[in-house]
Amino acid sequence: MSEDFFKKLPKVELHAHINGSISESTMHQLVEGKQITYNPASLKFKKGETGTLKEVFKLFKQIHEVTNNEKALYKVTYDVIHEFAEENVKYIELRTTPREELSTGMTKTSYIETVLKAIRDCAKENLDIIVKLILAIDRRQTLQVAMDTVQLAVKYREESKGVVVGIDLSGDPNVGNADVFIPAFKEAQKHGLKLALHLAEVPAPEETMTLLQEIIPDRIGHGTCLQPDAGGTRDIVQFVESHKIPLELCLSSNIINMTVPGYDNHHFKFWYDLNHPCVICTDDKGVFSTSLTEEYSVAADTFQLSREQVWELSYNSINSIFSDDNTKQLLRDKWKTLKDNVQNH
Ligand code: 5GP
């Protein structure tokens, strides 16, 4: 299959952290002329490089110094949307952790409003992409902060007329215990917000089972260590499978941060063979030097997927989006219209 096929393939992106998705070109423009000592090329893993989770999270800290003001955040969000649209992503749910920065006066409110403005401005340009937003809770935060994020999500879902669709749990999986956030997740569910939780990125079977049973998330991020041979349990697999909880799978991210030893070993195969809903995603296309086009291509190469299987993988991702049936139907119709043209590449 040609690169052109993967690029032309209409795609859905459901796991993209805004500050991890910054292209090198955008980063260059942000750093230029600033009092920041980073070389933009050092704020990402180059092809073939790997790093520990600790190193990955150190990079995010540095990136946050670059995007510590509304102007930079606006540019980043605007550019990221354009870049995904260019590679034929037709629907994306971006996620980001609302942040306040005392040094620049950025508040959580101005943070969210800036991201929503960039999304609105892109919509005005009639780009062929639908953009939604998920607000993230960082595992390092307190329950009170998590509750505040849920309240902000409720408020901005109304104000944005449905652009905000849900809540994410992310941040260093080796830090803290996600159980403490259960009241916040329940509050989010009470208000009809969807939940996309990073679960089992590292072996944590007790935490994983507790969250699954208490919350039943709408999607799982990574789910690297759900299976018994990766530090999970059969009960966990059975729970996820019987509840058909879709998995957001980010192959290169897991290889680069060494939570999976190689593409061949990626848990995509385990779940795909079970016919479980799997959505190929990038995670952090900037930090991990990838694109959704590349992630589809590498999945097809590694697991020897046919053109039709790749198409189905992308088409079936529509089932897992956090939008209503009308939007799903609109996307399905778009995929059908594009199919002949794409399949000929
Ligand atoms: P932001 O929320 O600032 O837009 O995006 C960066 C943040 O996303 C990071 O600080 C981290 O909390 C979260 N993040 C990005 N990639 C990963 C990942 O692979 N695993 C986890 N657990 N969190 C991540």
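Suppose we keep only residues that are closer than 17 Å to ASP148 by Cβ and more than 16 Å from the ligand (Cβ to nearest atom) within region 190-222. Which one would you say is nearest to the chain's Cα centre (by Cα)? Among them, the one singled out is LEU193. In region 303-318, is there at least one residue being under 29 Å from THR52 (Cβ atoms) and either aliphatic (A, V, I, L, M) or assigned to a helix (DSSP H, G or I) (or both)? Checking region 303-318: at least one residue is under 29 Å from THR52 (Cβ atoms) and either aliphatic (A, V, I, L, M) or assigned to a helix (DSSP H, G or I) (or both). Listed by position, the helices (runs of 4 or more DSSP H) contained in region 1-74 that have at least 1 residues being more than 17 Å from the chain's Cα centre (by Cα) and without any contact (Cβ under 8 Å) to a residue 24 or more places away in the chain are 24-31, 53-66. Looking only at region 311-322, decide whether some residue is exposed (fewer than 14 other Cβ atoms within 10 Å of the Cβ) and of a type in the set (Val, Ile, Thr). Within region 311-322 (the criterion being exposed (fewer than 14 other Cβ atoms within 10 Å of the Cβ) and of a type in the set (Val, Ile, Thr)), the answer is no, since none of the residues qualifies. Remark: pairs (first residue in region 321-337, of a type in the set (D, E, K, R); second residue in a helix (DSSP H, G or I); Cβ separation under 9 Å; 6+ apart in sequence or on different chains) = LYS328/ILE318; LYS328/ASN319; ARG332/TYR315; ARG332/ILE318; LYS336/TYR315.
In this structure, PHE84 does not qualify as more than 13 Å from the ligand (Cβ to nearest atom), closer than 30 Å to LEU331 by Cβ and touching a His at 6+ places or on another chain (Cβ under 8 Å).
Screening ILE92 against (1) within 15 Å of the ligand (Cβ to nearest atom); (2) more than 20 Å from the chain's Cα centre (by Cα) leaves a single unmet condition, (2).
Taking the criterion of being basic (Lys, Arg) and within 14 Å of the ligand (Cβ to nearest atom), the residues of region 138-159 that qualify are ARG139, ARG140.
Within region 254-288, the residues that satisfy the criterion of being on the phi > 0 side of the Ramachandran plot and either among the hydrophobic types (A, V, I, L, M, F, W, C) or within 14 Å of the ligand (Cβ to nearest atom) (or both) are MET258, ASP283. Considering region 160-174, and only residues there that are within 12 Å of the ligand (Cβ to nearest atom) and in a strand (DSSP E or B), the residue that is nearest to ALA196 (Cα to Cα) turns out to be ASP168. Of the residues making up region 2-35, those that are under 24 Å from ILE318 (Cα atoms) and surrounded by fewer than 19 Cβ atoms within 10 Å (Cβ to Cβ) are SER2, GLU3, ASP4, LYS8.
The numbers here are math on the coordinates, done by the rules we state, and not lab data. Remember, predicted model here, so these are calculated numbers, not experimental data. Note that we place each Cβ from the backbone using ideal geometry, even for glycine, and neighbour counts take in every protein chain shown.
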